[in-house]
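None of the figures in this text is laboratory data; all of them are computed from the coordinates on show. What you see is a predicted model, and the numbers here were worked out from it, not measured in a lab. Glycine gets a Cβ as well: all are built from the backbone with ideal geometry, and neighbour counts include every protein chain shown.
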Amino acid sequence: MKTTFGCFVRERRETLLRENADYSLRKVAGRIQVEPSYVSKIERDQVAPPSEETIIRLAKDLKEDSDVLLALAGKVSSDLRGAILKRPRLFAELIRQMKNAPDRAVLRMVREVRDGKW
């Protein structure tokens, strides 16, 4: 079964809450500048995932990778969107070719690009 955005957020927040009372629904909502009822609705998948900006604040607060939360929300960060839009055909082909590649192959490619070893 696929984990929804809301379910993932709730599980992550509750995991942190077991160790630290600062991760109550109200406190998290306050830190990310939304109403507690909105966070509750997000966690119960009663509303669509929030904006990119809110997801990024939420990820930071929950000590989670913002790209992971954005992906679960069916979104792509604006910086990635900008990169893709510069070369849409190339990035589409790259992603399609790599979707079934083993992690080690993807990581090798990332290292090569990052290190400039062409």
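Based on the inverse mean of 1/r over its pairs of different Cα atoms, what is the Kirkwood hydrodynamic radius of region 1-109, in Å?
Answer for region 1-109: a Kirkwood hydrodynamic radius of 15.4 Å.
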Practice item. Starting from the Cα gyration tensor of region 1-65, take the square roots of the eigenvalues, sort them a ≥ b ≥ c, and report rounded, prolate or oblate (rounded when a/c is under 1.5, otherwise prolate if a/b is larger than b/c, else oblate). Key: rounded
Review point. Over 30 Å between Cα atoms, which of Lys27/Lys99; Lys2/Lys27; Lys63/Lys99; Lys41/Lys86; Lys41/Lys63; Lys2/Lys41 qualify?
Key: Lys27/Lys99; Lys41/Lys86
Review point. Taking the Cβ-Cβ separation of Asn100 and Asp45 as r and a Förster radius of 30 Å, what is the calculated FRET efficiency to the nearest 0.05?
Key: 0.55
Exercise for review: Return the FRET efficiency for the residue pair Glu53, Cys7: r is the Cβ-Cβ distance, R0 is 30 Å, and the value is rounded to the nearest 0.05.
Suggested key: 0.85
Practice item. Sticking with the crude label model, points 7 Å out along Cα→Cβ, report the distance from Glu112 to Arg81 in nm, one decimal please. Key: 3.1 nm
Point to revise | Karplus 3J(HN,Hα) series, Hz, for region 68-80 with 6.51 cos²θ - 1.76 cosθ + 1.60 (x for Gly, Pro) | key: 5, 5, 4, 4, 4, 7, x, 10, 10, 4, 4, 5, 5
Exercise for review: Sum -39500 (n - 2.57) across every DSSP H segment of at least 4 residues in the chain, then divide by the residue count to get the 222 nm mean residue ellipticity, nearest 500.
Suggested key: -20000 deg cm²/dmol
Check your understanding: Percent relative contact order of region 1-70, based on C-alpha pairs within less than 8 angstrom and at least six residues apart?
Key -> 31 percent
Exercise for review: Averaging sequence separations of C-alpha pairs under 8 Å and six or more residues apart, then dividing by the length of the chain, give the relative contact order as a whole percent.
Suggested key: 20 percent
